[in-house]
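Right, one structure below, let's go through it.
Read-outs: derived from the displayed coordinates by stated rules, not from any lab. Given the structure is predicted, the values throughout are model-derived calculations rather than measurements. Here the Cβ is made from the backbone with ideal geometry for all residues, glycine too, and neighbour counts use every protein chain on show.
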2 protein chains.
Amino acid sequence: MKRTSRDIRTANRYGVLRQIIAHPPVSRKELAAATGLSLATVANLVGELLALGLLTEVGFEDSAGGRPRGLVAVNASGGALVGVDVAETYVHVELFDLALNVLARADEELRPGESGPEQVVRHIAAAVESATGRAGDGGGEGRILGVGVSVPGQVDREGGVSVYAPNWDWHDVPLLSLLAGHLPHPLHLDNPLRACTVAELWFGAARDRGDAVVVNLGTGVGAGLALGGSLHRGVTNSAGEWGHTTLVLDGHPCHCGNRGCVETYVGAPGIMRRLRELDPGSRLLRPGDQTATIAALARAAAEGDPVAVAAVRETARFLGAGIADLVNLLNPEVIVLSSWVASLLGEPLLTGVREVVARHALARPLAGTEIVLSPIPTNPVSLGAATFALEGFLASVGRGTPGPGAPALLPGPADGTDATAR
Amino acid sequence: MKRTSRDIRTANRYGVLRQIIAHPPVSRKELAAATGLSLATVANLVGELLALGLLTEVGFEDSAGGRPRGLVAVNASGGALVGVDVAETYVHVELFDLALNVLARADEELRPGESGPEQVVRHIAAAVESATGRAGDGGGEGRILGVGVSVPGQVDREGGVSVYAPNWDWHDVPLLSLLAGHLPHPLHLDNPLRACTVAELWFGAARDRGDAVVVNLGTGVGAGLALGGSLHRGVTNSAGEWGHTTLVLDGHPCHCGNRGCVETYVGAPGIMRRLRELDPGSRLLRPGDQTATIAALARAAAEGDPVAVAAVRETARFLGAGIADLVNLLNPEVIVLSSWVASLLGEPLLTGVREVVARHALARPLAGTEIVLSPIPTNPVSLGAATFALEGFLASVGRGTPGPGAPALLPGPADGTDATAR
């Protein structure tokens, strides 16, 4: 209920910039039509983004005899964003320009026994320094607008705390406070599920859609909810735990303590278990290596291997039943299959899922919902983490300095007086 | 994404009026604090609602030496709203004043064989005329702001069409067009699930909450989603079909054609089946009468009858597992148990559900979510239907005449220029 004028103003900034990134170059009039905002509001927001150096004027278009319309686009070199994907065994960092092109990458391996918070923080800092150093002068080391960090598990984003990371048994680790000692940039924390969801919202299949669900298929499983054009977080920032909804009451035990959770059937370990049940001595199984096993399964299925085909079909049966629940409950415009398991199993999995969903879902919601593979060609987690940094920067405009090393900000109007939706 | 300035202005009107109804009398300053809108916006919206006759000035409060602040409240007699609950066997109509007090009620029985659209429409019109006639002059027959109609099944609310009503095998019945021949008021159509949800949002447990889920337990089962202070409808206005999400893959057959749906375990027919399984000759069973059976079950459980206690406990086991899914996926502030089965089974069901949810849900979302029985003491469907009429009236302000017999409307500012969030 309580959505302040600042929230509305920030959401309008997101909306306008998202449109400019999606459809450049674009006129203010086109932006007004696409966002539903008034021309005056759009002009004001565009002026503000121009003054911040995030946009650039790129010429004019004719307007059938009227005054030629100025076109704007993102000023790619107007700043840089860093996205950090911290996973169980690695830290992957990407440096982006403002058009979200990758300028540089860096990786650090997390060896077994290196999962203490201080160790992980040193690896993150080293990878960020490596990526930003590699980009050279053009990369805008002098104007990094922010660093977004994704860590697995439950996070308190306002406090910058990793509340619970099951893989490392972390509890209430103040990750951003620790990182602030190493990195002089505004820092933003969230988890991979929400990172993938904002990546789809800004750059992928959820862009320009009213409501979207981003189904994340990896070792863990979740469903990021992008409703009404923004991420649905829930009251404790933990919405989206679809992996721990019941598909088979009293079914297979899940590590969460429950039974029959979606994740136990469609997460990578569940798929490996299925393969073992179908063929205990399968040559596709790489014990201890989920990625290699799922990759081998995908290749074998493409070659028509009967066990592999059956394993994919059976996975689609459980996944499709779970996705039909999302269709019936949320009635979204699009459901996006994301993360590495979806990416490896690809079209055969998608085809199977669509068939099962068509059998399980009700006709009316089904007719309105499209199911697609994520169109994002790069790592969606680091892209999404960088997007959190961009959103954080846009939310901080007019709020004073958001953190050490932050770029100078323009003061915003005192209470958003003249730039809200009209 | 595309939320027009008119949408924002309408949402602001809802927000302000909802606060005034909830906490009267109230000052403009308190309204600004409660809604997050600027004082200027609130003053403008209040002025508009005063001019429309929906509010009244009710005196002043001291402001510690400053200028005394004017207080406003709803002008209960400033108009009337009609809520129509059309069910399988009856039409129930309530006439409300603007503070949503019931002024008059009327009922019509729908006998078997009277389920043709023309017959149902005649019963609706007769009940509405009876209720509005009964209220006399004080009821404001001369100023009915709108009639909200709830019919079971899937509806196209913009078109006023009952797309599919399974009980009567209705397909694409243009219900509001048929009704317009009988009733000279603005008409609004939706279904009981969404009616109960807006009733909770304006007057019940979802009021002043960020996100709420209203679980409807009747013959059918659904979950109305009130997210960010407004109803989540989905792309084809069919979100909330939680009754047809899978709880037991390949489980009990459901009338939707699927198996193992939540509804087959916790809807009234599922509870009757459970009772029959526990005790085939149970004296609690009233074949063909769901309401009498559930009422008898509730009384027997309160008296400690072992079969009844077991039936309620087993129902809570399935219901709790399903509600834990809603907690994990949506992480709402509150889950409200609504409709007649929840109302009859009451506290014993609630207690059982809370225990099961605590076992099934993840700790972090669980900690943020309260589970309560609906606090609405009257029929939530007719109250919600009347609320749709109120929302429809507020949305039509400045849009010209919304329909035949509509009250004269003030012209709104051309494009909401000075009353949006600031």
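Label the range A:93-219 by shape, choosing from rounded, prolate and oblate, from the square roots a ≥ b ≥ c of the eigenvalues of the Cα gyration tensor; if a/c is under 1.5 it is rounded, and otherwise prolate applies when a/b is larger than b/c, oblate when it is not.
Since a/c reaches 1.5 but b/c is at least a/b, the shape of the range A:93-219 is classed as oblate.
First measure r as the distance between the Cβ atoms of residue A:62 and residue A:182, then evaluate 1/(1 + (r/R0)^6) with R0 = 45 Å and state the FRET efficiency to the nearest 0.05.
That pair, residue A:62 with residue A:182, gives E of 0.30.
How far is helix B:5-22 tilted off the main Cα axis of chain B, in degrees rounded to 10, range 0 to 90?
80 degrees
What's the average, rounded to a whole number, of partner chain beta-carbon atoms within 10 Å of each residue's beta-carbon in B:358-368?
The shielding value for this peptide is 6.
Using each residue's phi in the range B:238-254, evaluate 6.51 cos²θ - 1.76 cosθ + 1.60 at θ = phi - 60° and report the 3J(HN,Hα) Karplus result to the nearest Hz, with x for Gly and Pro.
In residue order, the calculated couplings are 10, 5, x, 7, 5, x, 10, 9, 7, 10, 9, 4, 6, x, 4, x, 10 Hz.
Would you calculate the separation in nanometres between label points at residue B:303 and residue A:307, each defined as 7 Å from the Cα along the Cα-to-beta-carbon direction?
Here the answer is 6.2 nm between the modelled labels.
Between residue B:255 and residue A:354, with labels modelled 7 Å along Cα→Cβ, what's the label distance in nm to one decimal, could you check?
3.3 nm
Taking the 0 to 90 degree range and rounding to the nearest ten, how far is the long axis of helix B:380-396 tilted relative to the main principal axis of chain B, both from C-alpha atoms?
30 degrees
Check residue A:252: other-chain or 5+ apart residues with amide H under 5 Å from its amide H, H built from backbone geometry?
So residue A:252 has HN proximity to A:260.
Going by a ≥ b ≥ c, the root eigenvalues of the Cα gyration tensor, does the range B:208-373 fall in the rounded group (a/c under 1.5), the prolate group (a/b larger than b/c) or the oblate group?
Working: a/c = 1.84, a/b = 1.50, b/c = 1.23.
In terms of gyration-tensor shape, prolate.
What is the order of B:91, A:235, fewest Cβ neighbours within 10 Å to most?
In increasing order of surrounding Cβ atoms, one gets A:235, B:91.
Which residues' amide hydrogens lie under 5 Å from the amide hydrogen of residue A:371, considering only partners 5 or more residues apart or on another chain, with H built in the peptide plane?
Counting only residues 5 or more places away or on other chains, the set is A:335.
What's the Cα-based Rg to Rh of the range B:5-77, Rh via Kirkwood?
Working: Rg = 11.8 Å, Rh = 12.3 Å.
My calculation puts Rg/Rh at 0.96.
Can you give the average number of partner chain beta-carbon atoms within 10 Å of each beta-carbon in peptide B:96-103, as a whole number?
Working: counts 0, 0, 0, 0, 0, 0, 0, 0.
The shielding value for this peptide is 0.
Apply 1/(1 + (r/R0)^6) to the Cβ-Cβ distance of residue B:399 and residue B:40, taking R0 = 30 Å, and write down the FRET efficiency to the nearest 0.05.
E between residue B:399 and residue B:40, to the nearest 0.05, is 0.85.
Any idea which of B:41, B:308, B:93 is furthest toward the positive side of the dipole for the protein assembly as shown, if Lys and Arg beta-carbons carry +1 and Asp and Glu beta-carbons -1?
B:41
Give the order of B:202, B:340 when sorted by the count of other beta carbons within 10 angstrom, beginning with the fewest.
Sorted ascending by nearby Cβ count, the order is B:340, B:202.
Quick one: B:4, A:246, A:236, fewest Cβ neighbours within 10 Å first, how do they rank?
Least crowded to most crowded, the residues run B:4, A:236, A:246.
For q = 0.10, 0.13 Å⁻¹, what log10 I(q)/I(0) does chain B give under the Debye formula with an equal point scatterer on each alpha carbon and no solvent?
Evaluating at q = 0.10, 0.13 Å⁻¹ gives log10 I(q)/I(0) of -0.72, -1.16.
I need the per residue convex hull volume for the range B:9-146, using only the alpha carbons, in cubic angstrom as a whole number. The partial results should precede the final answer.
Working: hull volume 16.6 nm³, N = 138.
It comes to 120 Å³ per residue, whole-number rounded.
Once phi is turned into θ = phi - 60°, what whole-Hz ³J(HN,Hα) does the Karplus curve with 6.51, -1.76 and 1.60 give for every residue of the range A:359-370, x standing for Gly and Pro?
3J(HN,Hα) across the range A:359-370, in whole Hz: 6, 8, 7, 6, 4, 5, x, 4, 4, x, 10, 9.
Just the Kirkwood number for the protein assembly as shown, please: inverse of mean 1/r across all distinct Cα pairs, in Å, one decimal.
For the protein assembly as shown, the Kirkwood estimate is 28.7 Å.
Lys/Arg Cβ at +1, Asp/Glu Cβ at -1, dipole of the protein assembly as shown taken about the Cα centre: which of B:23, B:298, A:350 is farthest positive-ward?
B:23
Measuring from a point 7 Å out along Cα→Cβ, what nm distances, shortest first, does residue B:113 have to its partners in the other copies?
Computed spacing set for this position: 8.6 nm.
Ordered shortest first, which distances in nm separate the 7 Å Cα→C-beta label point of residue B:363 from those of the other copies?
For residue B:363, the inter-copy label distances come out at 4.8 nm.
I'd like to compare B:45-51, A:316-322: which one has the highest average count of other Cβ atoms within 10 Å, and what's the full order after that?
Packing proxy ranking, top to bottom: A:316-322, B:45-51.
Between residue A:119 and residue B:134, how high is the FRET efficiency from 1/(1 + (r/R0)^6) when r is the Cβ-Cβ distance and R₀ = 60 Å? Nearest 0.05.
Taking R0 as 60 Å, the efficiency between residue A:119 and residue B:134 is 0.20.
If you take the charge dipole of the protein assembly as shown about its Cα centre, with +1 on Lys and Arg Cβ and -1 on Asp and Glu Cβ, which of A:189, A:213, A:336 is farthest toward its positive end?
So the residue furthest toward the plus end is A:189.
If we hang a label 7 Å off Cα along the beta carbon direction at residue A:177, how far is it from the matching labels on the other copies, in nm, shortest first?
Counterpart label points of residue A:177 in the remaining copies fall at 6.6 nm.
Using θ = phi - 60° and the Karplus relation 6.51 cos²θ - 1.76 cosθ + 1.60, list the HN-Hα couplings for the range A:179-188 in order, rounded to whole Hz, with x at every Gly or Pro.
5, 4, x, 9, 10, x, 10, x, 10, 9
Using amide H atoms built 1.01 Å from N in the peptide plane, name the residues 5+ places from residue A:71, or on other chains, whose amide H lies under 5 Å from its own.
Answer set, sorted by chain and number: A:58, A:59, A:60, A:61.
Across peptide A:317-325, what mean number of C-beta atoms from other chains lies inside 10 Å of a residue's C-beta?
What the average comes to for A:317-325 is 3.
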